[in-house]
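J.: Quick one: this structure, given as structure tokens, is what I'll be asking you about.
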Amino acid sequence: MKLVQTSIFFISACLLGLLFLIVLGAWSYHEVESKRFELNSLAKLNNKIDALSVGSDNLLIFRPDDGLWQVFLSDARQIQKDLSELERGKFNAQRAMRHIDQLIKSVEDAYQNLPDNTAPIIDDSQMNPLSLPLRSRLLINQVADHGIAIESSIDQLMQENQQVIESHINRILFVFMLSTLIFGVLCVLAFNMIYQRIALPTRNLINTIQKISLNDNTARAEVFGKDEMAELSMAFNALLDQKDRSNQQIILQQSELTKQAELLEIAGRITKFGGWSVDMKTKQVIWSEMVAKIHGKPEGYSPTIEEGLAFYIAEHQPRMQELFTACYQQGIPYDAELQIINSAGEPVWVRTSGEAVRDIDGNITGVHGAFQDITERMELENRLRQSQRLEAVGQLTGGVAHDFNNLLTVVIGNSQILTESFEDSNRLKPLADMILQAGYRGADLTRSLLAFARKQPLDPKPESIKQLIDQLWPLLERAVGEGIAIKFIAEGPLKHVLVDAGQFENALLNLSLNAKDAMPKGGQLVIEAKNTHLPEQYAQNNDISSGNYVVLAVSDSGCGIDAEKLDKVFEPFYTTKSKDKGTGLGLAMVYGFIKQSNGHVNIYSEPGQGTTVRLYLPVAMDNTLQRKVNTQEPNNLQIGHETILVVEDDPMVREYVLTQLTALGYDVLSAADGKQAMDILQSEQKIDLLLTDVVLPEGFNGRKIAELALKLRPSLRILYTSGYTENSIVHHGRLDKGVLLLSKPYKREELASKVRMALDGEGQVSSD
């Protein structure tokens, strides 16, 4: 309010000064005009007095009649009246009035007292004042003196009036000049105030606004004084500060929105997730970048509703049409998993969901929703289902293999005896040989099943893939035949792998035989090996540990396998070959062996192009190669004389083992379960070797018996036998350290060899 008050003050002062000058000028003008009027009146009065003087002379000289006296007296009285008027006008006319009175009296006296001998003057020729009597002349002089006094008084009044007029004019000029000076000073002060208080702050505000328009966000208006303009400048600066804070907040919000958008983009890119919308009034379809990418279309692609529906496979289009129609007509949301064919002709599983968009009146105006590529998830679920199916088959297979191997042990063992007994019989020996060969085939079958079920005991060691393949190469060449070119390619120096050499050779041989069957007219078999690293994401998707591996790729140029059959090729007894060319256990065995070796296997095939099977084997931490044990069967049976305790729950197997060991010269004790075994072990009976089945009834397994036996007999030797190993002596698919295992079914020669090895010191188990 200070600026307003100051402005009002200066405006009021200027108006008052102007009013004062107007009033002063009017008053001075009035005074001057009044004095000029009075001055004119005095001049006229002076003329009247001159005329009165002449009249008095005529009256005294010529002695006219009384009429002239009355005229004179009337003029004198009129002059007195005029003087009285001047008196009321603040003029000092008393002296003049007094002289008029004296003049009238002197004229009256002279008129009345003139000598009688004074003759009236008839004309001008007779006028000679010297001819008048002395008394007459004195009276006339006296009257003339009064007239002069009156004129002198009138002259003095006129001079005084003239001085008053000049005084008024000078005063007017002085006051006007003073007022003009004061008014000028006020105007200068007002201009300075306007400049300092209004113009300068206004220019400063304009300059500040110009700087801000040039993106100088640091510009601020300078504050002058403490008036309203200063408050305006401070308010403007506060507004700029608020704007900066708002801009900073907006920038932070934009940054946060940008981060969120980036996160959404990253999430959408990782999860292959996008959004879409349809305006039912315009029929316009909007796809996000990811949705367009899933369909194999460029960013910004906008199809029609019909074009969007056409991407779905034929059997899914009616379902999608039904869901979409129900959504935009009835507002029913949907969420479905369907399959599309993208622009590249590739099948893609998608999860599509939608919901209705309504206006303020509740009317459906469109549909929007989400779209996600779930192909990988569907593949993972499919692999999981396959893995679960294979696991279930493996559990079943492992359970059957135990009993089956016990039976085969008896069949093979006794078939050997029959074959030797019927050596001279041309009729019975072939039959015995057929039984023995059937037993061997059954043993191979159970080994394959156990390999698939990951129940076979492995003894992995650091091995060189190249050395293993070089040793197996002659057998591979004979197996595939001359019509197939076989080639091995090693990419760089290969790291050593942790693998069971015998099972690896069986797996590679099975893959080579499968390749041969896929190329009946000949072709090419290529075995490639290289070091690789499996990343975390790939490892999680394929149920394997990430890290370093050696990948072995076995590729053929055969007929290939249809896509719908690839998911089943690792299942036991599934085969694409004719019944007389395979059992369907080769790939199942390879699958089980690789999985049990903590590796990974996958298969890729195209009809007419061939098949590639990749085996991923873990790299060995210890690269020291182990000398391979000679597993060749001895030419002669190894006999002995030691005492052996046989623990076997199957009576036929137990009887067979007793017969064979007795025939080899050993003293044999037998037990059907763990309780009987412990009774014998606690006796004073000499025992050199404990030959025990791993799987025993009543939860008293072979490992437990061996541990208790070693506490009683520390020097006791242990040999395990089993057709189905549990986690008692095998952990993570590996035999425990120091464990010697005789796998069922076994030949007489294998039994004799393993018993001898155990007695010679290779089968002791520590008691800890």
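J.: Can you tell me which of Gly308, Gly275 is surrounded by 10 or more Cβ atoms within 10 Å (Cβ to Cβ), in a helix (DSSP H, G or I) and touching a strand residue (DSSP E or B) at 6+ places or on another chain (Cβ under 8 Å)?
T.: Sole residue among the options that is surrounded by 10 or more Cβ atoms within 10 Å (Cβ to Cβ), in a helix (DSSP H, G or I) and touching a strand residue (DSSP E or B) at 6+ places or on another chain (Cβ under 8 Å): Gly308.
J.: Considering only segment 351-385, how many residues are part of a strand (DSSP E or B), of a type in the set (Lys, Arg) and surrounded by 16 or more Cβ atoms within 10 Å (Cβ to Cβ)?
T.: 1
J.: List pairs: first in segment 356-378 and within 23 Å of Gln537 (Cα to Cα), second of a type in the set (Ser, Thr, Tyr) and part of a helix (DSSP H, G or I), Cβ under 7 Å, 6+ apart or cross-chain?
T.: Final answer for the pair search is Gln372/Thr271.
J.: Just one of (1) of a type outside the set (A, V, I, L, M); (2) surrounded by 20 or more Cβ atoms within 10 Å (Cβ to Cβ); (3) touching a Lys or Arg at 6+ places or on another chain (Cβ under 6 Å) trips up Ser670, so point out which.
T.: (2)
J.: Which pairs turn up if I take residues in segment 412-433 that are more than 19 Å from Met652 (Cβ to Cβ) and without any contact (Cβ under 8 Å) to a residue 12 or more places away in the chain and look for partners that are outside any helix (DSSP H, G or I) and not small (Gly, Ala, Ser) with beta carbon separation below 8 Å, at least 6 apart in sequence or on another chain?
T.: So the pair list comes out as Leu428/Phe422; Lys429/Phe422; Lys429/Glu423; Leu431/Phe422.
J.: Do we have any residue at all in segment 223-231 that's outside the structural domain of Leu16 (by TED's automatic domain parsing), among the aromatic types (Phe, Trp, Tyr) and more than 41 Å from the chain's Cα centre (by Cα)?
T.: yes
J.: Scan segment 295-331 residue by residue and report those that are in contact with a helix residue (DSSP H, G or I) (Cβ under 8 Å, 6 or more places away or on another chain) and free of Cβ contacts under 8 Å to residues at least 12 places away in the same chain.
T.: If the condition is that a residue be in contact with a helix residue (DSSP H, G or I) (Cβ under 8 Å, 6 or more places away or on another chain) and free of Cβ contacts under 8 Å to residues at least 12 places away in the same chain, then Pro298, Glu299, Gly300, Ala310, Gln317 are the ones that fit.
J.: Would it be correct to say that Ser34 is closer than 30 Å to Ser179 by Cα and either at pLDDT 70 or above or not polar (S, T, N, Q) (or both)?
T.: It is true that Ser34 is closer than 30 Å to Ser179 by Cα and either at pLDDT 70 or above or not polar (S, T, N, Q) (or both).
Per-residue answers, yes or no, for (1) crowded, with 16+ Cβ neighbours inside 10 Å; (2) outside the structural domain of Val278 (by TED's automatic domain parsing); (3) of a type in the set (Val, Ile, Thr):
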position: Ala292; (1), (2), (3): yes, no, no
position: His316; (1), (2), (3): yes, no, no
position: Gln321; (1), (2), (3): no, no, no
position: Tyr328; (1), (2), (3): yes, no, no
position: Ile340; (1), (2), (3): yes, no, yes
position: Gly345; (1), (2), (3): no, no, no
position: Trp349; (1), (2), (3): yes, no, no
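J.: Now, a different point. Check segment 403-417 and report whether any residue there is at pLDDT 75 or above and over 30 Å from Pro697 (Cα atoms).
T.: No, the conditions are met nowhere in segment 403-417.
J.: Within segment 463-498, which residues are surrounded by fewer than 14 Cβ atoms within 10 Å (Cβ to Cβ), part of a loop (DSSP other than H, G, I, E, B) and in contact with a helix residue (DSSP H, G or I) (Cβ under 8 Å, 6 or more places away or on another chain)?
T.: Correct list: Gly481 only.
J.: Any idea how many residues of segment 577-630 are of a type in the set (D, E, K, R) and at pLDDT 75 or above?
T.: 3
J.: Residues being surrounded by 10 or more Cβ atoms within 10 Å (Cβ to Cβ) and closer than 30 Å to Ile294 by Cα: count how many of those fall in segment 218-272.
T.: So the answer is 18.
J.: Do you know which residues across segment 499-529 are more than 18 Å from Pro462 (Cβ to Cβ) and out of contact with any helix residue (DSSP H, G or I) (no Cβ under 9 Å at 6 or more places or on another chain)?
T.: Across segment 499-529, the qualifying residues are Ala518, Pro520, Lys521, Gly522, Gln524, Val526, Glu528.
Every residue, every condition in (1) modelled with pLDDT of 90 or more; (2) surrounded by fewer than 22 Cβ atoms within 10 Å (Cβ to Cβ); (3) within 22 Å of Gln660 (Cβ to Cβ); (4) within 60 Å of the chain's Cα centre (by Cα), yes or no:
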position: Asp688; (1), (2), (3), (4): yes, yes, yes, no
position: Val694; (1), (2), (3), (4): no, no, yes, no
position: Gly699; (1), (2), (3), (4): no, yes, no, yes
position: Arg703; (1), (2), (3), (4): no, yes, no, yes
position: Ser728; (1), (2), (3), (4): no, yes, no, yes
position: His732; (1), (2), (3), (4): no, yes, no, yes
position: Asp736; (1), (2), (3), (4): no, yes, no, yes
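J.: Residues Ser233, Ser179: which one is in contact with a Phe, Trp or Tyr (Cβ under 8 Å, 6 or more places away or on another chain) and closer than 25 Å to Ser28 by Cα? Please lay out each step first, then the result.
T.: Working: Ser233 fails: closer than 25 Å to Ser28 by Cα.
That would be Ser179, the only listed residue that is in contact with a Phe, Trp or Tyr (Cβ under 8 Å, 6 or more places away or on another chain) and closer than 25 Å to Ser28 by Cα.
J.: Name every residue in segment 443-462 that is at pLDDT 80 or above and either in contact with a helix residue (DSSP H, G or I) (Cβ under 8 Å, 6 or more places away or on another chain) or crowded, with 20+ Cβ neighbours inside 10 Å (or both), in order of residue number.
T.: Lys461
J.: Whether any residue in segment 502-520 is in a loop (DSSP other than H, G, I, E, B), assigned by TED's automatic domain parsing to the domain that holds Asn598, at pLDDT 85 or above and over 22 Å from Asn598 (Cβ atoms) is what I want to check.
T.: yes
J.: Could you tell me whether Ile148 is at pLDDT 70 or above, more than 30 Å from Leu16 (Cβ to Cβ) and either assigned to a helix (DSSP H, G or I) or within 52 Å of the chain's Cα centre (by Cα) (or both)?
T.: Spelling it out, Ile148 is indeed at pLDDT 70 or above, more than 30 Å from Leu16 (Cβ to Cβ) and either assigned to a helix (DSSP H, G or I) or within 52 Å of the chain's Cα centre (by Cα) (or both).
The values are calculated or read from the model by the stated rules, or taken from the named source; none is laboratory data. Here the structure is a predicted model, which means the values were calculated and not measured. Please note: Cβ atoms are built from the backbone with ideal geometry, for glycine as well, and neighbour counts cover all protein chains shown.
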